[in-house]
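These notes concern the structure reproduced below.
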Amino acid sequence: MIARSTEVIVALDRELQPPLYAKRGLALVRGEGIWLWDADGRRYLDLMSNYGVNILGHAHPRVTAAIIEQASRLLSCHQSFASDVRAAFLERLLAVAPAGLTRAFLSNSGTEAVEAALKFAWAATGRRRIVAARRGYHGRTLGALAATAEKKYREPFAGLLAEAEHVPYGDIGTLTAALDEHTAAVILEPVQGESGIYPAPDEYLRAARELTRQAGALLIFDEVQTAFRTGAWFACQHAGVTPDLLCVAKGLANGVPIGATLMTEEIAAALPAGVHGSTFGGNPLACAAGLATLETLAVDSLIPHSADVGAHFLRRLRELEHPAVREVRGRGLMLGIELKSRSTPVLKAMQERGLLALPAGTVVVRLLPPLIITREQVDEAVAGIAAALDAA
Ligand SMILES: *Cc1c(COP(=O)(O)O)cnc(C)c1O
């Protein structure tokens, strides 16, 4: 391929797609470990993992080897056929899942993992109403969009969405009042990601478990962003709560598209045959990448590492006591810096200093670094963030 400049690539990217994304003016062409390079050869410290995806960093040798090996053996294998690598991946995934979640439906993205969870909840309970949280984000397909709260995503599709009530996140009283005999499921992120990094109090998640059980409704945890990242395999494990359905995607295969909806034996037994499916779901390539990712997380002890280095990151950011910052929140390596004004200028100043982070909501700088980040790299990042806050 001919090497093109950032300017040329950015222009093509803009011209050839509908204008749906807020573009960063950057063309990324290569990655290694925690580093990314743009088309002009500039290097960046990755504090965003491409929205939480590349949890092991870029071009991880173990994942790359697994992808190459699988690509040279078998790329596709429809779910009506069994697959050696899919079986091994499912064994590994369910071995680290909260006890009681014994089966998984495989798909290709976060929104598909949520879509499946909602369909399974509707099919298993025969009920229709969904209770979700304000500020919650669950994806953009029409089922998942019913659970997503943000008006700008929902309004163009009003009338097409399933029945959902959005209650204030963290408030047990309104959750209690929202549940009745028509409620199919409550869906929650254990830490809200897109809207600004808001960890749920453990007692809220425990109350959601208890209240759904009493109402005969199901509990769905959307861990598409939180899985593997908060210092536990799954964020719900901090509260000791097991949902009926658990959605995983982003980091699960370190960058190869994948989604998984984990469920209890009871839900699996209640699903009519043929009620859902996916052509690409559970394909050997994604399963091989997922298996290598889960093995690496375990072998390299990256879950305890993310708890430790994440606590260090949170402490260092709080110690800045920068006048532009209202609050620093997070758990493990899922962190948010809430500013007193819009985050865009700070993200731009960080980018100019070789640091890539993300927005969450309008005033939060979101940090989702690869779990391989070291304390030294955290210190380097904090110094760069302080400089960006000063400059913005
Ligand atoms: C990103 C995200 C989704 C949607 O995942 P896609 O792969 O973009 O469809 C759903 N839920 C949560 C919590 C997410 O962070």
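Only the coordinates and a few stated rules stand behind these numbers; no lab work does. Just so we're clear, the structure is a prediction, and the values are computed from it rather than from any experiment. Using ideal geometry, Cβ is built from the backbone for each residue, glycine included, and neighbour counts are taken over all protein chains shown.
Tabulated data for the structure shown
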read-out	value
Space enclosed by the convex hull of the alpha-carbon atoms of the chain, per residue, Å³	144
Residue-averaged 222 nm ellipticity for the chain, from DSSP H runs of 4+ at -39500 (n - 2.57), nearest 500	-12000 deg cm²/dmol
Cβ-derived FRET efficiency at R0 41 Å, residue 21 paired with residue 96, nearest 0.05	0.80
Net charge of neighbours whose Cβ lies under 12 Å from the Cβ of residue 246, counting Lys and Arg as +1 and Asp and Glu as -1	-3
Reach of residue 152 by Cα under 19 Å, taken over lysines that are not fewer than 8 positions away in the same chain	23
Extension reserve of the residue 64-residue 295 stretch, reckoned as 0.36 nm per residue once the Cα distance is removed	81.8 nm
Residue 180 paired with residue 374, simple spin-label distance in nm, labels 7 Å along Cα-to-beta-carbon	5.9
Loop GluC sites (Glu not before Pro), the range 274-366, which have at most 15 other Cβ atoms in a 10 Å radius of their Cβ (DSSP)	321
Likely footprinting exposure, 84, 46, 38, fewest C-beta neighbours within 10 Å first	84, 38, 46
Taking 340, 119 and counting other C-beta atoms within 10 Å, the order from fewest to most	340, 119
Radius of gyration, Dmax [the range 74-299; alpha carbons; angstrom]	16.5, 52
